[in-house]
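Report on one structure; see the data block that follows.
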Amino acid sequence: QVQLVESGGGLVQAGGSLRLSCASSRRTMNFSAMGWFRQAPGKEREFVAAISWSGDNTYYTSSVRGRFTISRDNAKDTVYLQMSNLKPEDTAVYYCAAKDSGSVYETSGYRYWGQGTQVTVSS
């Protein structure tokens, strides 16, 4: 069983920054990609960003491109999401996920999920 543990969430003012971390109990190189998703109250879980196992390829949803940066440290089996210029609409529970197969943009492509970390951006 793989465990993914997110940390780094919290309350921040609009325009501020946060860095989320996701520590994996299994070598992250074993997964084809790692991703971040988020879910706001009353909304479906949505794709935020993903990174290939090598780190050579990154993917972002259009609303965060240029503000968020995904990275990984395979030596530490950890994936990061640096979030800058945060907006109130970024408020959500953020989930880390390990990709099995399929599209990086779809939740169905990910086999393992963390418990989530709350990010709240005040205006």
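Quick notes
- Hey, Val64 modelled with pLDDT of 95 or more, open to solvent by less than 60 Å² (accessible area, probe 1.4 Å) and β-branched (Val, Ile, Thr) or not: yes
- Contact map, region 109-123: first residue within 11 Å of Met34 (Cα to Cα), second residue open to solvent by less than 40 Å² (accessible area, probe 1.4 Å) and hydroxyl-bearing (Ser, Thr, Tyr), Cβ cut-off under 6 Å, separation 6 or more or different chains; pairs are Trp113/Tyr95.
- Per this entry, Ser101 is not counted among residues that are closer than 17 Å to Gly15 by Cβ and loosely packed, with under 14 Cβ neighbours inside 10 Å.
- Test: residue in region 81-96 that is among the aliphatic types (A, V, I, L, M) and surrounded by fewer than 18 Cβ atoms within 10 Å (Cβ to Cβ): no
- Matching residues, region 104-120, being part of a loop (DSSP other than H, G, I, E, B), open to solvent by less than 50 Å² (accessible area, probe 1.4 Å) and not aliphatic (A, V, I, L, M): Gly114, Gly116
- Evaluating Asp77 against the criteria (1) open to solvent by 10 Å² or more (accessible area, probe 1.4 Å); (2) under 20 Å from Gln115 (Cα atoms); (3) modelled with pLDDT of 95 or more; (4) touching a strand residue (DSSP E or B) at 6+ places or on another chain (Cβ under 6 Å) leaves one unmet condition, (3).
- Residue within region 45-53 that is open to solvent by 50 Å² or more (accessible area, probe 1.4 Å), over 16 Å from Gly116 (Cβ atoms) and in a loop (DSSP other than H, G, I, E, B) present: yes
The values are calculated or read from the model by the stated rules, or taken from the named source; none is laboratory data. Just so we're clear, the structure is a prediction, and the values are computed from it rather than from any experiment. Cβ: placed from backbone, ideal geometry, glycine included. Neighbour counts: every protein chain shown. With ligands, DNA and RNA removed, areas are computed over all heavy atoms of the protein, side chains included. Shrake-Rupley method; radii C 1.70, N 1.55, O 1.52, S 1.80 Å.
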